[in-house]
Amino acid sequence: MHAYRTLPPGLTARAALAIAAGLLASQQAAATDRPHPPHRPAQPLLCSQLAGTAGGLVGAPGIKSVLATIVPAAGANVAHCQVDVLVGASPEQNINVRVGLPLNSLDGGSGGVQGAWNGRTQGVGGGGCAGNLNVAAPVNAGYVGSGNDTGHAGGNCEPGVNNDGTYNLLFINDFIRNGIKAQVLLSKALAGKYYAMAPAYNYWNGCSTGGRQGYLLAQELGRELDGILANAPAIYWTRFQTAQMWGQIAMKDLAGGPIPAAKLAQTTASAVAACDAADGVTDGVIDEPRACTFSAKANVCGAPGAPAANCLTGAEAEAIDKIWDGPRNPQGKRVWFGLDRGTNLSGLNGASPFFLGVTQLHWNTHNPAFDWTTVTLNAYADVAQQGSRNIADVTDTFGDLDEFRAAGGKLLTFVGTNDQLIMPQGVLHYYRQMAQRYGGRHDDDFSGVQKFYRLFRAPGVAHCAGGAGPQPQNLFNTLVDWVEKKVPPQTIAAQATAGGVTRTRPLCPYPQTAIYKGSGSTDDAANFFCGGNLEQRQIVCDSVLAKYKHEANGPLDYRAGGTSAAECRAPGWGHGHRP
């Protein structure tokens, strides 16, 4: 599904396609252009020439201006050619794209395939509601680096709804898709012109919003990238951001307001202590939070074993249990996922709500003055349904990967099980759907989808990084090896150092997990192996959601959840999931 195609004619869909067509033509010309006389091969251009007609962008559809200058080396940053392009198909559309190119041979570059260039491109993603114009990291590594500002400065998404209650679809689409598409196409076109040769490989590198952008590119620009590293992807944008407000609503309704951070932290610590050893290793991390059933009611003041300090009232405990469980409608059907036990709860459930969650309710209701405090637990599903019906088709990045797969692309993702800003189970939900699409109902080990798309869980890791678990290492180079050397990652190395002790672990391709061999140091990855299957029927069936766009009172959508009603209701284990 390409959601942008559902927009009315004359809006940003047409503009985006026009820009894309123009830039693709420019890219193709860059790879094949021959100066006079015809038998002479194309020659590299000076950086300054990229801002002129020789660069192929001046006068192209949707290109408002092109600036090109050599940026001298400074500190750890190498000298490079910086090209800033203003993209827009209308006076209202202004997307700033920056492309950094390692110096070619004409401009004094050396040591690479052409000048200082390694022959590859690498787009970088943004975060939150902001873009990213900092391309230093890929350029310093020899890549043509690119970024864009998604059509607006800063991280405020409130302009997505106009004061009259209509949607600013130009703003939304530039943020969701148009900016990154222009970025990728421009970087390839400029590389072709500057070096007089097309890139050998094209990559994306992003986390959070940058991860969502990577998935969007795989779904809607599937033939343009060879490899995509898309970590902690903020996919299902409307649904997970609406769910960011669930805890605030629960605390308001049940506890009368925010729960003190110290109480949240103590309850999280109690949950970890209760479930830590379930995987056979006591290390301060819950390996599979979905299997942990610890209730915050155990921390109610006066309960046996409750902590002496920062214990809870009964109402606070009920609110925390709802935060862990996640949003449900009045009939008890799951609407989205909660934050898993072991996760820092204060990020979304602090004294003030997370600002993007508040903005999302404005988007859902297309009302910039909508007051989230008027929403009750029973009314939550109705507000979520408004978001699904009004704007989620434009924002949520849940299409298939058919074109990307057919073109030979590789998609690599890690998500921390204790991600405090997105709900990790949303990523697993998408992966389960893709596993069914590319492997079928009986592909228990997900081997079909793993041929081109691999998801690694990082137990105890927070959003993009941080948390108690060992941190993923060398992810981008792992992707490059998969693309260029045809070496699919069997594990991802993870490492953390605390108190002078270094702990290493293997991260495993989902649905496997790291299993202790039973001897040797539990701080040494060599003493673990990848095995098992986390797709347990109880967990899979509990993750089934109310039907999309019918969150308020619709049926459970077992098919979208990767299972069936019969399988979830039958005694024993179903055929589709291993015990």
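Results for (1) of a type in the set (Ser, Thr, Tyr); (2) in contact (Cβ under 8 Å) with a residue 12 or more places away in the chain; (3) touching a strand residue (DSSP E or B) at 6+ places or on another chain (Cβ under 6 Å), shown as yes or no for each residue.
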| position | (1), (2), (3) |
| --- | --- |
| Pro368 | no, yes, yes |
| Ile391 | no, yes, no |
| Gly408 | no, yes, no |
| Thr413 | yes, yes, yes |
| Asn418 | no, yes, yes |
| Leu421 | no, yes, no |
| Tyr431 | yes, yes, yes |
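Scanning the stretch 482-530 for residues that are over 18 Å from Val461 (Cα atoms), open to solvent by 50 Å² or more (accessible area, probe 1.4 Å), under 28 Å from the mean Cα position of the chain (by Cα) and not basic (Lys, Arg) turns up Val487, Gln490, Phe529.
Is it the case that Thr267 is of a type in the set (Val, Ile, Thr) and touching a Gly at 6+ places or on another chain (Cβ under 6 Å)? It is false that Thr267 is of a type in the set (Val, Ile, Thr) and touching a Gly at 6+ places or on another chain (Cβ under 6 Å). For Val139, the stated conditions do not hold, so it cannot be described as under 28 Å from the mean Cα position of the chain (by Cα), among the β-branched types (Val, Ile, Thr) and over 21 Å from Asn477 (Cβ atoms). Under 17 Å from the mean Cα position of the chain (by Cα), under 30 Å from Lys322 (Cβ atoms) and part of a helix (DSSP H, G or I): is that true of Gly179 in this structure? Judged against the criteria, Gly179 is not a match. Can you pull out every residue in the stretch 263-295 that is within 29 Å of Pro509 (Cα to Cα), of a type in the set (S, T, N, Q) and in a loop (DSSP other than H, G, I, E, B)? Result: Thr282, Thr293. Within the stretch 259-272, how many residues are open to solvent by 30 Å² or more (accessible area, probe 1.4 Å) and in contact with a strand residue (DSSP E or B) (Cβ under 8 Å, 6 or more places away or on another chain)? Of the residues in the stretch 259-272, 1 are open to solvent by 30 Å² or more (accessible area, probe 1.4 Å) and in contact with a strand residue (DSSP E or B) (Cβ under 8 Å, 6 or more places away or on another chain). For residues that are among the polar types (S, T, N, Q) and open to solvent by 50 Å² or more (accessible area, probe 1.4 Å), scanning just the stretch 531-553, find the one that is nearest to Tyr516 (Cα to Cα). Filtering the stretch 531-553 for residues that are among the polar types (S, T, N, Q) and open to solvent by 50 Å² or more (accessible area, probe 1.4 Å), the one nearest to Tyr516 (Cα to Cα) comes out as Gln538. Among the residues of the stretch 225-258, the ones that are surrounded by 24 or more Cβ atoms within 10 Å (Cβ to Cβ), in a loop (DSSP other than H, G, I, E, B) and touching a strand residue (DSSP E or B) at 6+ places or on another chain (Cβ under 8 Å) come to 5 in all. Of the listed requirements (1) farther than 22 Å from Asn390 by Cβ; (2) open to solvent by 10 Å² or more (accessible area, probe 1.4 Å); (3) not small (Gly, Ala, Ser), Tyr195 misses just one: (2). Beta carbons closer than 9 Å, at least 6 apart along the sequence or on distinct chains, pair a first residue in the stretch 256-269 that is farther than 16 Å from Gly467 by Cα and in contact (Cβ under 8 Å) with a residue 40 or more places away in the chain with a second that is open to solvent by 50 Å² or more (accessible area, probe 1.4 Å) and of a type in the set (Lys, Arg) for Pro258/Lys252. Quick one: is Ala319 in contact with a Leu (Cβ under 6 Å, 6 or more places away or on another chain) and either touching a residue at least 40 places away in the same chain (Cβ under 8 Å) or not aromatic (Phe, Trp, Tyr) (or both)? So Ala319 fits the description; yes.
With respect to the numbered conditions (1) outside any loop (DSSP other than H, G, I, E, B); (2) crowded, with 19+ Cβ neighbours inside 10 Å; (3) touching a residue at least 40 places away in the same chain (Cβ under 8 Å), which one is the sole condition not fulfilled by Gln386? Every listed condition holds for Gln386 apart from (3). The sole residue among Ser105, Ser110, Ser65 that is modelled with pLDDT of 95 or more and more than 30 Å from Val483 (Cβ to Cβ) is Ser65.
Residues in the stretch 389-412 that are surrounded by fewer than 20 Cβ atoms within 10 Å (Cβ to Cβ) and assigned to a helix (DSSP H, G or I): Arg389, Asn390, Asp393, Asp402, Glu403, Ala406.
Among the residues of the stretch 556-579, those identified as modelled with pLDDT of 90 or more and under 17 Å from His429 (Cβ atoms) are Leu556, Asp557, Tyr558, Arg559, Ala560, Gly561, Gly562, Thr563, Ser564, Glu567, Cys568. Scanning the stretch 451-474 for residues that are open to solvent by 50 Å² or more (accessible area, probe 1.4 Å) and over 19 Å from Asp340 (Cα atoms) yields Lys451, Gln473, Asn474.
The condition (being more than 23 Å from Gln536 (Cβ to Cβ) and either in a loop (DSSP other than H, G, I, E, B) or open to solvent by less than 30 Å² (accessible area, probe 1.4 Å) (or both)) is satisfied by just one residue among Ala298, Ala309: Ala309.
The values are calculated or read from the model by the stated rules, or taken from the named source; none is laboratory data. Being a predicted model, the structure only gives us computed values, none of them experimental. Glycine gets a Cβ as well: all are built from the backbone with ideal geometry, and neighbour counts include every protein chain shown. Only protein heavy atoms, including side chains, enter the accessible area calculation; ligands, DNA and RNA are left aside. Shrake-Rupley method; radii C 1.70, N 1.55, O 1.52, S 1.80 Å.
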